[in-house]
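The values are calculated or read from the model by the stated rules, or taken from the named source; none is laboratory data. Since this is a predicted model, take the numbers as computed values, not measurements. All Cβ positions, even for glycine, are placed from backbone atoms using ideal geometry, and neighbour counts span all protein chains on display. Side chains included, ligands, DNA and RNA excluded: accessible areas come from the protein's heavy atoms. Shrake-Rupley method; radii C 1.70, N 1.55, O 1.52, S 1.80 Å.
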Amino acid sequence: MSRKKRDNRKKVKQKRAKKLTPLGIFLRTFFGVLGVGLCGILIYSYVFRSGSRPQGSGELGGVREEESREGLASFWEIIPQKEDVREAMQHISQETDTDTGIYADVLADPEYMAANNIYSVANKTDGIVTVGFAGDILFDDEYAMMANLKKRGAAIENAISQPLLSCMRDMDIMMLNNEFPYTDRGTATEGKTFTFRADTSTVSYLSDMGVDVVSLANNHSYDFGEVGLLDSLDTLREAGMPYVGAGRNLEEASRPVYFIAGDIKIAIVSATQIERLENPDTKGATESSPGVFRCLNPQRLCEMVSQAKQNSDFVVVFIHWGTENVTQPDWAQLDQAPKLAEAGADLIIGAHPHCLQGIQYYGEVPVVYSLGNFWFNSKTLDTGIIQADISREGIQNLRFIPAIQSDCRTDLACDGEKERILSYLQSISYGVTIDSQGNISQGNISP
């Protein structure tokens with residue numbers, strides 16, 4: 001660290017040290033009043049109880065003595081009693097926590113936040129952070145979604161309906177699976193059936209949607225090689241869009257992204273177990289080379305989850321797993337879900353199968369096995385958003401918001417379609433109850 005930065009930080013600390021807290025102001029005022037009171041008592045004792053006190057039983061002497069007693073009684077009334085002091089101190093302490101927040105020191109240090117992948121967001125409800133999750137998106141010009149969007153007009157409202165966009169934008173934190181690289185360079189992976197990439201300018205659609213963080217831990221982030229992945233990282237960083245699940249090396253690819261909202265700190269860890277090969281097309285990051293965070297062997301992922309748990313109030317694992325176009329979880333999903341819950345995950349969200357899969361709890365930890373496509377291809381598919389309302393104590397409410405991808409658009413599902421999707425999700429879920437509004441709770445209902 002340079003001398004200039006050290007001097008600046010020293011000045012900031014000195015400035016903070018000089019700044020009085022609300023509790024300090026209260027104590028200074030209290031002892032000031034108490035000091036004045038003691039002085040008043042001494043004056044009263046000297047004037048009215050000493051030999052110089054006015055004597056006589058006349059009307060004037062009696063009136064003055066009565067007035068002085070009333071004045072002294074009034075004076076004692078303004079000095080807080082013991083219980084009043086205790087209550088006032090407790091109230092001020094609570095106000096101090098609310099005003100500054102338990103993460104105030106972190107938020108006041110941008111360098112520390114940048115170095116530790118921490119972001120600040122505003123939460124609309126005091127004590128609650130609302131986090132939304134959806135599945136796969138694709139901005140590739142050579143595929144149907146973008147081709148149709150350009151015909152309709154470039155605005156994102158021509159791809160995702162306004163009611164659904166409003167829902168996404170209302171989330172305090174919104175997350176999607178970014179299933180492609182942003183690049184115009186590189187060579188498509190030889191022999192791969194589908195390879196995707198998008199123009200770097202399309203990254204602006206993420207902000208248009210209300211997205212706050214994306215996962216790059218998937219089997220298409222490396223479709224145009226190392227240069228394509230690096231272009232993606234640069235594009236997202238320049239757009240101010242946090243990402244997780246890929247990086248210039250394993251340390252960056254595996255590290256969580258943190259969000260602080262009020263007094264709640266949420267960690268998001270992302271990894272992929274696709275493809276299940278020793279030498280996959282989608283390269284895993286190493287100590288010295290770029291790639292995605294692979295978790296076919298979940299040991300490092302579990303270690304990162306445990307570390308995130310120690311550094312946050314709530315941990316989300318956004319994981320790329322499962323078998324494409326299969327509605328039931330496969331053996332690898334069923335194997336890793338309880339391990340992640342044991343490691344410290346509070347919520348597990350899955351992607352990759354391109355269709356909805358069911359929901360299950362491991363202890364108190366909900367596992368949403370797959371959210372399917374969100375805005376990815378021209379097929380008509382059920383999809384939706386998981387909304388988690390999170391407090392410092394954990395999930396206060398978990399809800400599935402049904403939607404439909406059709407004709408290269410994604411819309412909120414309404415009326416009969418909403419009821420149908422919720423009924424279907426209930427039928428493929430395990431030990432949960434999903435009510436008519438999509439609220440999810442642990443129960444004895446099974447398929």
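Could we say that P366 is touching a Phe, Trp or Tyr at 6+ places or on another chain (Cβ under 9 Å), under 30 Å from E275 (Cβ atoms), in contact (Cβ under 8 Å) with a residue 12 or more places away in the chain and not aromatic (F, W, Y) here? Answer is no for this residue. Residue by residue through region 339-358, note down the ones that are farther than 17 Å from I266 by Cα and buried (at least 24 other Cβ atoms within 10 Å of the Cβ). Hits for region 339-358 are G350, A351, H352, P353, L356, Q357. A single member of D105, D99 is out of contact with any Ser or Thr (no Cβ under 7 Å at 6 or more places or on another chain), at pLDDT below 50, assigned to a helix (DSSP H, G or I) and within 28 Å of D172 (Cα to Cα), and it is D99. Answer yes if at least one residue in region 315-329 is among the charged types (D, E, K, R), surrounded by fewer than 23 Cβ atoms within 10 Å (Cβ to Cβ), without any contact (Cβ under 8 Å) to a residue 24 or more places away in the chain and part of a loop (DSSP other than H, G, I, E, B), and no otherwise. Taking every residue of region 315-329 in turn, none turns out to be among the charged types (D, E, K, R), surrounded by fewer than 23 Cβ atoms within 10 Å (Cβ to Cβ), without any contact (Cβ under 8 Å) to a residue 24 or more places away in the chain and part of a loop (DSSP other than H, G, I, E, B).
Pairing each residue of region 165-180 that is within 15 Å of A403 (Cα to Cα) with any residue that is of a type in the set (A, V, I, L, M), provided the two are 6+ apart or on different chains, yields C-beta distances under 6 Å for M168/M174; M168/M209; L176/A134; L176/I137; L176/V211; L176/V214.
Here is a check on your reading of the model: is I128 open to solvent by 10 Å² or more (accessible area, probe 1.4 Å) and modelled with pLDDT under 95? No; evaluated as a whole, the condition is false for this residue. In region 331-410, counting only strands (runs of 3 or more DSSP E) that sit wholly within it, the ones holding 2 or more residues that are closer than 22 Å to L165 by Cβ and out of contact with any helix residue (DSSP H, G or I) (no Cβ under 6 Å at 6 or more places or on another chain) span 347-351, 373-375, 381-391, 394-406. Of the helices (runs of 4 or more DSSP H) entirely within region 172-261, those holding at least 2 residues that are of a type in the set (S, T, N, Q) and open to solvent by 10 Å² or more (accessible area, probe 1.4 Å) occupy 204-209. For region 263-308, a residue qualifies if it is among the small types (G, A, S) and either open to solvent by less than 30 Å² (accessible area, probe 1.4 Å) or assigned to a strand (DSSP E or B) (or both), and the qualifying residues are A267, S270, A271, G284, A285, G291, A308. The listed residues are N117, N148, N123, and the only one of them that is over 30 Å from S312 (Cβ atoms), at pLDDT 55 or above and open to solvent by less than 70 Å² (accessible area, probe 1.4 Å) turns out to be N148. Within region 403-412, is even one residue under 18 Å from D170 (Cβ atoms), open to solvent by 50 Å² or more (accessible area, probe 1.4 Å), in contact with a Gly (Cβ under 6 Å, 6 or more places away or on another chain) and not aromatic (F, W, Y)? No, because not a single residue in region 403-412 is under 18 Å from D170 (Cβ atoms), open to solvent by 50 Å² or more (accessible area, probe 1.4 Å), in contact with a Gly (Cβ under 6 Å, 6 or more places away or on another chain) and not aromatic (F, W, Y).
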